[in-house]
Amino acid sequence: MEEGVFARIYALLATVPPGRVVSYGELARAVGMRQGARVVGWAMRSCPEDLPWHRVVNARGEISRRATEEHEELQRAMLEDERVAFGAHDRIDMRTFGWRFDTIENGNTS
(Lines give C-alpha, C1' and ligand atoms only; values in the text may rest on other atoms or scores of the structure.)
Protein backbone atom coordinates (compact mmCIF):
# COMPACT_ATOMS: atom_id res chain seq x y z
CA MET A 1 0.00 0.00 0.00
CA GLU A 2 2.78 2.44 0.87
CA GLU A 3 4.20 2.48 -2.68
CA GLY A 4 0.75 3.22 -4.13
CA VAL A 5 0.13 6.05 -1.68
CA PHE A 6 3.58 7.52 -2.28
CA ALA A 7 3.02 7.36 -6.05
CA ARG A 8 -0.28 9.27 -5.66
CA ILE A 9 1.42 11.84 -3.42
CA TYR A 10 4.22 12.31 -5.95
CA ALA A 11 1.76 12.62 -8.85
CA LEU A 12 -0.10 15.44 -7.08
CA LEU A 13 3.10 17.10 -5.91
CA ALA A 14 4.19 17.33 -9.54
CA THR A 15 1.16 19.58 -10.23
CA VAL A 16 2.04 22.25 -7.65
CA PRO A 17 3.17 25.23 -9.73
CA PRO A 18 6.24 27.38 -9.09
CA GLY A 19 5.57 30.14 -6.60
CA ARG A 20 3.03 28.08 -4.67
CA VAL A 21 3.29 25.81 -1.64
CA VAL A 22 1.13 23.07 -0.21
CA SER A 23 0.91 21.78 3.34
CA TYR A 24 1.55 18.18 4.29
CA GLY A 25 -2.07 17.95 5.43
CA GLU A 26 -3.50 19.41 2.22
CA LEU A 27 -1.50 16.93 0.18
CA ALA A 28 -2.69 14.09 2.41
CA ARG A 29 -6.34 15.14 2.06
CA ALA A 30 -5.94 15.33 -1.72
CA VAL A 31 -4.95 11.65 -1.83
CA GLY A 32 -7.80 10.69 0.49
CA MET A 33 -6.03 10.51 3.85
CA ARG A 34 -7.69 12.90 6.27
CA GLN A 35 -5.06 12.30 8.96
CA GLY A 36 -2.13 11.47 6.67
CA ALA A 37 0.23 14.44 7.07
CA ARG A 38 2.88 12.18 8.62
CA VAL A 39 2.63 9.78 5.68
CA VAL A 40 3.28 12.71 3.35
CA GLY A 41 6.31 13.56 5.49
CA TRP A 42 7.61 10.02 5.07
CA ALA A 43 7.05 10.27 1.32
CA MET A 44 9.02 13.51 1.20
CA ARG A 45 12.00 11.77 2.80
CA SER A 46 12.31 9.55 -0.26
CA CYS A 47 10.93 12.01 -2.82
CA PRO A 48 12.49 11.76 -6.28
CA GLU A 49 14.80 14.72 -6.86
CA ASP A 50 13.00 15.79 -10.03
CA LEU A 51 9.85 16.63 -8.06
CA PRO A 52 9.26 19.98 -6.30
CA TRP A 53 9.69 18.63 -2.74
CA HIS A 54 10.61 22.14 -1.60
CA ARG A 55 7.01 23.29 -2.13
CA VAL A 56 5.74 21.24 0.81
CA VAL A 57 5.57 23.12 4.12
CA ASN A 58 3.73 22.68 7.38
CA ALA A 59 0.21 23.98 8.03
CA ARG A 60 1.56 27.18 9.62
CA GLY A 61 3.42 28.01 6.41
CA GLU A 62 6.78 27.15 7.92
CA ILE A 63 9.59 25.00 6.66
CA SER A 64 9.59 21.91 8.83
CA ARG A 65 12.70 21.04 10.79
CA ARG A 66 15.11 18.77 8.98
CA ALA A 67 18.06 16.64 9.95
CA THR A 68 20.39 19.42 8.82
CA GLU A 69 20.06 23.18 8.84
CA GLU A 70 21.54 23.26 5.33
CA HIS A 71 18.51 21.37 4.01
CA GLU A 72 16.17 23.97 5.52
CA GLU A 73 18.26 26.79 4.03
CA LEU A 74 18.18 25.09 0.62
CA GLN A 75 14.39 24.76 0.75
CA ARG A 76 14.00 28.42 1.70
CA ALA A 77 16.36 29.54 -1.07
CA MET A 78 14.48 27.45 -3.65
CA LEU A 79 11.16 28.95 -2.55
CA GLU A 80 12.54 32.49 -2.57
CA ASP A 81 13.87 31.86 -6.10
CA GLU A 82 10.23 31.19 -7.04
CA ARG A 83 9.23 34.49 -5.36
CA VAL A 84 7.56 32.88 -2.37
CA ALA A 85 7.78 35.47 0.41
CA PHE A 86 8.47 34.74 4.05
CA GLY A 87 6.87 37.06 6.57
CA ALA A 88 6.86 37.31 10.34
CA HIS A 89 8.33 34.35 12.17
CA ASP A 90 9.63 32.97 8.82
CA ARG A 91 6.11 32.00 7.78
CA ILE A 92 4.62 31.90 4.31
CA ASP A 93 1.16 33.42 3.93
CA MET A 94 -0.82 30.33 2.92
CA ARG A 95 -3.72 32.49 1.68
CA THR A 96 -1.38 34.12 -0.83
CA PHE A 97 0.99 31.30 -1.73
CA GLY A 98 -0.92 28.18 -0.72
CA TRP A 99 -2.05 25.74 -3.39
CA ARG A 100 -5.28 23.78 -3.20
CA PHE A 101 -5.76 20.85 -5.49
CA ASP A 102 -9.45 21.60 -5.99
CA THR A 103 -8.37 24.63 -8.01
CA ILE A 104 -7.25 22.23 -10.75
CA GLU A 105 -10.64 20.54 -10.88
CA ASN A 106 -12.47 23.87 -10.99
CA GLY A 107 -10.27 25.20 -13.76
CA ASN A 108 -8.95 27.97 -11.52
CA THR A 109 -5.18 28.01 -11.50
CA SER A 110 -4.72 31.26 -9.62
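The table below gives the values:
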{"quantity": "Odd one out for Q35, checked against (1) touching a Gly at 6+ places or on another chain (Cβ under 8 Å); (2) at negative phi", "calculated": "(1)"}
{"quantity": "Failed item in (1) touching a residue at least 12 places away in the same chain (Cβ under 8 Å); (2) open to solvent by less than 40 Å² (accessible area, probe 1.4 Å); (3) within 19 Å of R91 (Cα to Cα), with A37 passing the rest", "calculated": "(2)"}
{"quantity": "Matching residues, region 41-69, being among the hydrophobic types (A, V, I, L, M, F, W, C), over 16 Å from G19 (Cα atoms) and out of contact with any strand residue (DSSP E or B) (no Cβ under 7 Å at 6 or more places or on another chain)", "calculated": "W42, A43, C47, A67"}
{"quantity": "Residue ranges of helices (runs of 4 or more DSSP H) in region 1-98 with at least 1 members polar (S, T, N, Q) and in contact with a helix residue (DSSP H, G or I) (Cβ under 7 Å, 6 or more places away or on another chain)", "calculated": "69-81"}
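A quick yes/no check of all residues on (1) modelled with pLDDT under 95; (2) in contact with a Gly (Cβ under 8 Å, 6 or more places away or on another chain):
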| residue | (1), (2) |
| --- | --- |
| E49 | yes, no |
| G61 | no, yes |
| S64 | yes, yes |
| T68 | yes, no |
| D81 | no, no |
| R91 | no, yes |
| M94 | no, yes |
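The values are calculated or read from the model by the stated rules, or taken from the named source; none is laboratory data. Since this is a predicted model, take the numbers as computed values, not measurements. Note that we place each Cβ from the backbone using ideal geometry, even for glycine, and neighbour counts take in every protein chain shown. Heads up: the accessible areas ignore ligands, DNA and RNA and are worked out on the full protein's heavy atoms, side chains in. Shrake-Rupley method; radii C 1.70, N 1.55, O 1.52, S 1.80 Å.
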